[in-house]
1. State the number of residues belonging to the stretch 34-66 that are under 16 Å from A203 (Cα atoms), surrounded by fewer than 17 Cβ atoms within 10 Å (Cβ to Cβ) and not basic (K, R).
2. For residues that are more than 24 Å from V50 (Cα to Cα) and surrounded by fewer than 17 Cβ atoms within 10 Å (Cβ to Cβ), tally how many sit in the stretch 109-160.
3. Under 8 Å between Cβ atoms, at least 6 apart or on separate chains: pull out the pairs that start in the stretch 29-51 with a residue that is farther than 22 Å from I162 by Cα and end on any residue that is part of a loop (DSSP other than H, G, I, E, B).
4. So, restricting to helices (runs of 4 or more DSSP H) that lie completely within the stretch 1-83, which ones have at least 1 residues that are at pLDDT 75 or above and over 30 Å from E208 (Cα atoms)?
5. List, please: which pairs have Cβ atoms under 7 Å, are six or more places apart or on different chains, and start with a residue in the stretch 214-240 that is in a helix (DSSP H, G or I) and end with one that is among the basic types (K, R)?
6. Does V200 count as in contact with a Pro (Cβ under 8 Å, 6 or more places away or on another chain) and touching a residue at least 24 places away in the same chain (Cβ under 8 Å)?
7. In the stretch 184-225, how many residues are over 25 Å from L77 (Cβ atoms) and of a type outside the set (S, T, Y)?
8. T184 fails exactly one of the following numbered conditions: (1) touching a residue at least 24 places away in the same chain (Cβ under 8 Å); (2) not in a helix (DSSP H, G or I). What is the number of that condition?
Amino acid sequence: MTADPYELWVYLSRTPLLWLTLTLAAYALADHFSILCRRNPLANPVLHAVWMLGLLLVVTNTSYADFFNGAQFVHFLLGPATVALALPLYQNRARVFRALVPMAAALFAGSLAAILSVIACSYVFDLPKLVLISSLPKSTTSGVAMGISQSTGGDASLTAIIVVATGIVGAVIASPLLNAMRVTDKRARGFSLGLAAHGVGTARAFQEHSLTGTFAGIAMGLNGILTAVLVPLVLAFFGF
């Protein structure tokens, strides 16, 4: 083994297992910090894992491609993790069926509001068309959002960044905002978190309560479907 730390780093940085290990370690550290802070929204583990990994990439001058080559296994697990949300959904199916009508109304209103907020920002801040289209599916989970973006002429990579930022911001501000508005119903809190902040919001919802997380997962899944329908219609309506 070489005694030169730089040469050792060069060797390790080329092995995919390194970045997978560092990604998991960063999240574990951030999650432990979140537990110590009693799950305070500002201690969101995704938020702090992201900046730690980002700082490490900058300091080590590592490209995103090299990082993703090792961390892509975590990306692969997004699919099974999403499917696993079906378990609490099944366990709470009676409560879900009783709330179908208000859920449908909230889903349409929330999904449309998320899209129209981007349109409004585009007029106020004169956003480039590419940024506008890439931002429209910001409240859906990354895999769905990137697909919608590509099919409508957006930049999938830019969409992924905006989606992650939306999820983190939503997960941080949602609970304090809902508390300030005195929203105590676990179903309403979960549905709003999943609808506005997709997977990151759903993870935050499960930290509150399993029922809250169940409704967040439902909102995340249904919003992905509805957004895929609404985005092309909204773009056509506004002439983009």
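The values are calculated or read from the model by the stated rules, or taken from the named source; none is laboratory data. As the structure is a prediction and not an experimental result, all values here were calculated from the model. Positions of Cβ are generated from backbone atoms using ideal geometry, with glycine treated the same way; all protein chains shown enter the neighbour counts.
1. Going through the stretch 34-66, the residues under 16 Å from A203 (Cα atoms) turn out to be 34-35, 38-50.
The next check asks that each one be surrounded by fewer than 17 Cβ atoms within 10 Å (Cβ to Cβ); those that pass are 35, 38-40, 42.
From what's left, not basic (K, R): 35, 40, 42.
Of the residues in the stretch 34-66, 3 are under 16 Å from A203 (Cα atoms), surrounded by fewer than 17 Cβ atoms within 10 Å (Cβ to Cβ) and not basic (K, R).
2. 18
3. S34/N40; S34/N44
4. Numbers: elements: 5-13, 16-36, 45-59, 64-76.
Because the criterion is at least 1 residues that are at pLDDT 75 or above and over 30 Å from E208 (Cα atoms), the helices (runs of 4 or more DSSP H) in the stretch 1-83 that meet it are 16-36, 45-59, 64-76.
5. Short answer, once both residue conditions are applied: F215/R187.
6. So V200 fails the test.
7. Applying the first criterion (over 25 Å from L77 (Cβ atoms)) to the stretch 184-225 yields 184-189, 192.
Narrowing the set further to residues that are of a type outside the set (S, T, Y) leaves 185-189.
Of the residues in that region, 5 qualify.
8. Only one criterion in (1) touching a residue at least 24 places away in the same chain (Cβ under 8 Å); (2) not in a helix (DSSP H, G or I) is unmet by T184, namely (1).
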